[in-house]
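Contents: one structure, followed by commentary.
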Amino acid sequence: VVPVMLKALTYDEKRGACSVGSNVRDAACYVCWAFARAYEPAELIPFINHISSALVIAAVFDRDVNCRRAASAAFQENVGRQGTFPHGIDILTAADYFAVGNRVNCYLTISVYIAGFPEYTQPMIDHLVNMKINHWDSVIRELATKALHNITPQAPEYMANVVLPRLLPLSVGSDLHTRHGAILACAEITHALCQLAQENNRSVTYYFSEKSLEGLKQIHQEVCNQHKSVFNLDCFCTLIEKLSLSKMPFRGDPIIGGWQWLINDSLRHLTLVSSAARQHIKESAVSALAALCNEFYINERGEADPALQDELVTQYVSELQNSEEMIRCGFSRALGALPRFLLKGRLQQVLEGLKKVTVISPEDVSFAESRRDALIAIAKVCQTVGVKGDGSQQEYVCRENVDQIYATLLTGVTDYTTDSRGDVGGWVREAAMSSLMEVTLLLVQNEAELINANICKQIMCWLAQQSAEKIDKFRAHAGSVFLTLLHFDHPPVPHIPHREELERIFPRSEKETLNWNAASEAFPRITQLLGLPAYQYYVLLGLSVSVGGLTETTLRYSAQSLFDYMKKIQSDPSALGSFCETLLKVFEDNLRNDRVSVPLLTMLDQLLANGCFDVFTEQENHPFPVKLFSLCKEEIRRSKDIRKLRSSIGVFCGLIQFQGDMREKVFFQLFLLLCHPFPIIRKTTASQVYEMLLTYSEVVDPAIVEQAMAILSDTNWEAELPVVRERRNCLCDLLKVPRPQLVPK
């Protein structure tokens with residue numbers, strides 16, 4: 001039974017898009033559990049090493065958590081009842097039922113501990129090489145190769161003399177899964193062996209034979225022949241990175257040019273792969289480029305060869321204007337990964353190239369991912385070159401270019417591009433906020449005087465706006481960045497407007513605990529910024545989108561927080577007047593901008609309905625409702641947006657409560673909508689005017705209220721326009737409002 005059971009513990013077969021075998025492996029663990037109960041210790045002694053190794057391997061390296069836990073339980077049973085498993089108690093402590101629940105922890109941490117016991121080292125390595133680097137699941141292959149890296153110090157000679165020679169032929173084989181895993185394994189083991197040699201003050205090639213070094217080079221040629229394989233793009237970039245980090249003696253070798261070509265080719269082939277693989281390949285290629293440049297492109301004086309620098313930087317900057325978005329993404333991130341000696345003397349060229357990527361033009365309006373990556377790259381470049389106030393703009397972040405850098409990053413915060421994928425501009429805004437934080441903290445810690453008051457105010461105000469908007473993820477990110485800048489004290493960020501008030505609203509003790517994702521926690525805090533003049537406009541702009549949005553939770557808490565603030569300022573004419581002026585300014589600045597104006601109309605409807613402007617109703621022809629009416633009228637002029645039109649009806653009905661000449665204009669506007677070409681608008685208008693007459697009965701002569709309400713309720717407003725127009729004109733005559741006249745075409 002034992003040979004069959006040992007085979008069953010590793011049984012895994014792929015069928016279609018999934019695998020079968022987990023139930024077999026689970027049953028095999030149960031058999032091992034039963035052995036512990038069925039036999040005396042002496043009877044199992046000939047099989048102890050086989051069973052214990054097989055159970056440890058299953059407990060640590062099985063793909064499925066139920067199998068890992070079953071193996072751990074079987075191992076525990078054998079340790080308890082048999083007492084003959086090598087190092088049983090120690091292993092059981094590290095790999096108990098709960099510890100093996102996390103697969104990454106099993107592969108990268110627990111496996112290293114167990115491999116420290118000589119009885120298990122070689123079986124674990126052999127299992128990874130024979131069963132896991134060719135596994136059908138790419139995640140398992142990658143984890144297996146990282147595990148081999150971590151275990152290498154336990155058996156360096158075995159890795160160098162047995163495992164590596166076995167892997168090299170597999171890395172140029174025909175099976176994609178095996179080749180992928182073998183190349184990654186060669187990369188990880190080589191890196192680990194070189195690290196070990198350096199730690200022991202030995203040559204990096206101490207563990208490698210000439211044949212092994214040639215084998216590593218041979219992988220390059222094979223991959224070049226089949227470079228369109230996604231697996232090759234991914235794993236070979238990892239191989240380049242690891243061999244570069246290992247400081248292999250390839251300086252001046254023609255293979256370096258081949259590696260550079262492969263990295264560039266990987267960045268150009270991002271358009272050919274799925275979105276899931278794309279990010280992985282891009283990150284691998286960028287990491288490989290950074291390692292390659294740092295090891296092989298720098299001379300003894302710490303400088304780059306001028307011809308190579310010119311060719312590399314010019315080529316990468318030119319690719320930023322490629323017509324393919326993914327190529328722009330790849331080369332943007334590549335520029336962000338270049339070391340300082342390659343950017344020296346070329347900084348302005350790089351920043352200008354990245355700035356062009358962030359500009360929205362009609363041809364590339366949907367290229368949100370490239371704009372995001374360009375903004376990330378700008379921050380990385382700034383961190384790489386460092387800060388020197390009176391330095392050259394070709395070498396440092398300095399007085400001459402800091403304003404240009406901030407202008408580019410601040411432009412990203414205003415990106416609200418949408419397409420079939422939704423709010424793709426959110427990716428750009430998120431990257432812009434992160435980059436603003438990184439650049440600002442970089443300047444603060446080096447030369448804070450480069451940050452002027454106006455720039456700091458813009459950053460904090462835009463972050464405040466984003467902290468008040470409707471999408472939880474972006475609101476949380478903005479809030480986190482806002483508090484990081486506010487509470488940074490090594491040294492503090494200068495020129496933050498209303499710092500003392502902000503620290504009172506957002507205490508340092510709540511920096512980590514405040515949950516910006518929860519609307520119930522975020523909005524009661526952020527609405528308090530409405531009382532701070534510098535932030536009022538931006539917070540109100542963000543709140544308009546949230547209060548007038550469609551998400552119930554966000555709408556409820558944002559609206560309630562806004563109404564609570566409005567109640568507090570009812571007795572403060574100055575604060576209320578300032579709020580109204582800002583509200584009108586937000587509306588005026590965003591006329592015909594449907595992203596803001598439509599939810600803003602909904603918010604205005606709620607504010608009017610909740611009596612937030614009741615103090616103005618006693619004043620005849622108060623400027624606030626007059627200006628608001630004209631803005632609403634202008635917003636819906638010639639509009640065919642049903643949501644916008646329906647929202648405006650509520651605002652017009654709310655404006656009827658204000659005294660003066662405007663009341664007749666409001667009735668006239670509503671009666672125009674009663675004959676709108678869209679039946680749904682006519683019906684909605686009639687319904688809301690009916691409710692308005694019930695709510696504000698004093699605006700109409702009591703003698704005619706019932707008659708007017710009867711016309712509104714009895715008329716079929718979805719009938720033909722001539723019929724509807726006749727009934728509407730009756731209302732006009734009844735309320736003494738001029739009849740709207742048809743405009744001849």
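So, in segment 113-145, of the ones that are among the β-branched types (V, I, T) and surrounded by fewer than 19 Cβ atoms within 10 Å (Cβ to Cβ), which residue ends up nearest to H180 (Cα to Cα)? Working first, answer last.
Quick first cut of segment 113-145, residues among the β-branched types (V, I, T) only: 114, 121, 125, 129, 133, 139-140, 145.
So of that shortlist, the ones also surrounded by fewer than 19 Cβ atoms within 10 Å (Cβ to Cβ) come out as 121, 139.
Details: T121: 24, V139: 11 Å.
Looking at the filtered set, the residue picked out is V139.
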Single residue of segment 483-499 satisfying the filter (part of a loop (DSSP other than H, G, I, E, B) and among the aliphatic types (A, V, I, L, M)) that is surrounded by the fewest Cβ atoms within 10 Å (Cβ to Cβ): I496
K132 vs. criteria farther than 25 Å from I48 by Cα and within 39 Å of the chain's Cα centre (by Cα): no
Checklist (1) out of contact with any Asp or Glu (no Cβ under 6 Å at 6 or more places or on another chain); (2) modelled with pLDDT under 95; (3) on the phi < 0 side of the Ramachandran plot applied to N517, failing item: (1)
Residue within segment 469-482 that is in contact (Cβ under 8 Å) with a residue 60 or more places away in the chain and not in a helix (DSSP H, G or I) present: yes
Given (1) open to solvent by 50 Å² or more (accessible area, probe 1.4 Å); (2) more than 30 Å from the chain's Cα centre (by Cα); (3) modelled with pLDDT under 85, index of the condition F231 fails: (2)
Cβ pairs under 9 Å, 6+ apart, first in segment 616-627 and under 13 Å from R663 (Cα atoms), second of a type in the set (S, T, Y) and open to solvent by less than 90 Å² (accessible area, probe 1.4 Å): P625/T617
Considering residues of segment 643-662 that are open to solvent by 50 Å² or more (accessible area, probe 1.4 Å) and part of a helix (DSSP H, G or I) only, the residue farthest from N610 (Cα to Cα): R643
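Is it true that E718 is open to solvent by 40 Å² or more (accessible area, probe 1.4 Å), free of Cβ contacts under 8 Å to residues at least 40 places away in the same chain and touching a helix residue (DSSP H, G or I) at 6+ places or on another chain (Cβ under 6 Å)? Walk me through how you get there before you give the answer.
Working: open to solvent by 40 Å² or more (accessible area, probe 1.4 Å): yes; free of Cβ contacts under 8 Å to residues at least 40 places away in the same chain: yes; touching a helix residue (DSSP H, G or I) at 6+ places or on another chain (Cβ under 6 Å): yes.
In short, yes.
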Test for I459: is it touching a residue at least 24 places away in the same chain (Cβ under 8 Å), over 20 Å from Q279 (Cα atoms) and surrounded by 22 or more Cβ atoms within 10 Å (Cβ to Cβ): yes
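Tell me yes or no: at least one residue of segment 537-546 is open to solvent by 20 Å² or more (accessible area, probe 1.4 Å) and within 29 Å of the chain's Cα centre (by Cα). Explain how you work it out, then say what you get.
Of the residues in segment 537-546, the ones open to solvent by 20 Å² or more (accessible area, probe 1.4 Å) are 537-538.
Imposing the further condition that a residue be within 29 Å of the chain's Cα centre (by Cα) reduces the set to 537-538.
Looking for residues that are open to solvent by 20 Å² or more (accessible area, probe 1.4 Å) and within 29 Å of the chain's Cα centre (by Cα), one finds at least one in segment 537-546, hence yes.
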Long-range neighbours under 7 Å by Cβ, at least six apart or interchain, first residue open to solvent by less than 20 Å² (accessible area, probe 1.4 Å) within segment 205-221, second of a type in the set (S, T, N, Q) and part of a helix (DSSP H, G or I): L216/T190
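Would you mind listing the helices (runs of 4 or more DSSP H) fully within segment 679-745 where at least 1 residues are over 55 Å from the mean Cα position of the chain (by Cα) and modelled with pLDDT of 90 or more? Give the steps one after another, and end with the answer.
Values: elements: 679-695, 702-714, 721-735.
Result: 702-714, 721-735.
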Residue ID - surrounded by the fewest Cβ atoms within 10 Å (Cβ to Cβ), chosen from residues in segment 1-39 that are among the polar types (S, T, N, Q) and without any contact (Cβ under 8 Å) to a residue 60 or more places away in the chain: N23
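Just name the residue that is nearest to A290 (Cα to Cα) out of those in segment 350-365 that are open to solvent by 50 Å² or more (accessible area, probe 1.4 Å) and assigned to a loop (DSSP other than H, G, I, E, B).
Just the residues of segment 350-365 that are open to solvent by 50 Å² or more (accessible area, probe 1.4 Å), to begin with: 352, 355-356, 359-360, 362-363, 365.
From what's left, assigned to a loop (DSSP other than H, G, I, E, B): 359-360, 362-363, 365.
Values: V359: 27, I360: 29, P362: 34, E363: 31, V365: 30 Å.
Among them, the one singled out is V359.
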Subset of segment 382-401 [in contact with a helix residue (DSSP H, G or I) (Cβ under 6 Å, 6 or more places away or on another chain) and open to solvent by less than 40 Å² (accessible area, probe 1.4 Å)]: C382, V385, V387, G389, V397
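Is segment 92-99 home to any residue that is open to solvent by 70 Å² or more (accessible area, probe 1.4 Å), farther than 15 Å from A144 by Cβ, part of a helix (DSSP H, G or I) and hydrophobic (A, V, I, L, M, F, W, C)?
Of all residues in segment 92-99, those open to solvent by 70 Å² or more (accessible area, probe 1.4 Å) come to 93, 97-98.
This time we only want the ones that are farther than 15 Å from A144 by Cβ, so: 93, 97-98.
If we keep only those that are part of a helix (DSSP H, G or I) too, we end up with 93.
Remaining after also requiring hydrophobic (A, V, I, L, M, F, W, C): none.
Scanning segment 92-99 turns up no residue that is open to solvent by 70 Å² or more (accessible area, probe 1.4 Å), farther than 15 Å from A144 by Cβ, part of a helix (DSSP H, G or I) and hydrophobic (A, V, I, L, M, F, W, C).
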Which numbered condition K665 misses (of (1) in a helix (DSSP H, G or I); (2) farther than 22 Å from L600 by Cβ; (3) open to solvent by 70 Å² or more (accessible area, probe 1.4 Å)): (2)
Residues of segment 177-219 satisfying the condition of being in a helix (DSSP H, G or I), over 17 Å from L128 (Cα atoms) and either at pLDDT 90 or above or under 38 Å from the mean Cα position of the chain (by Cα) (or both): H191, L193, C194, Q195, L196, A197, Q198, E199, L216, K217, I219
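I'd like the full set of residues that are in contact with a helix residue (DSSP H, G or I) (Cβ under 6 Å, 6 or more places away or on another chain) and either in a loop (DSSP other than H, G, I, E, B) or under 15 Å from L292 (Cβ atoms) (or both), limited to segment 308-324.
Here is the first cut: in segment 308-324, the ones in contact with a helix residue (DSSP H, G or I) (Cβ under 6 Å, 6 or more places away or on another chain) are 309, 316-317, 319-320, 322, 324.
The answer is Q309, Y316, L320, N322, E324.
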Residue in segment 40-55 that is closer than 18 Å to D137 by Cα, assigned to a helix (DSSP H, G or I) and in contact (Cβ under 8 Å) with a residue 24 or more places away in the chain present: no
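Going by the structure shown, is P599 closer than 19 Å to G542 by Cβ and buried (at least 20 other Cβ atoms within 10 Å of the Cβ)? Spell out the reasoning first.
On the way: closer than 19 Å to G542 by Cβ: yes; buried (at least 20 other Cβ atoms within 10 Å of the Cβ): yes.
The answer is yes for P599.
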Residues being crowded, with 20+ Cβ neighbours inside 10 Å, touching a Pro at 6+ places or on another chain (Cβ under 9 Å) and more than 19 Å from N590 (Cβ to Cβ) - total across segment 547-563: 2
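The values are calculated or read from the model by the stated rules, or taken from the named source; none is laboratory data. Owing to the predicted nature of the structure, the values given are computational and were not obtained by experimental measurement. Here Cβ is always computed from backbone atoms with ideal geometry, including for glycine, and neighbour counts include all displayed protein chains. In case anyone asks, the SASA skips ligands and DNA or RNA and just uses the protein heavy atoms, side chains included. Shrake-Rupley method; radii C 1.70, N 1.55, O 1.52, S 1.80 Å.
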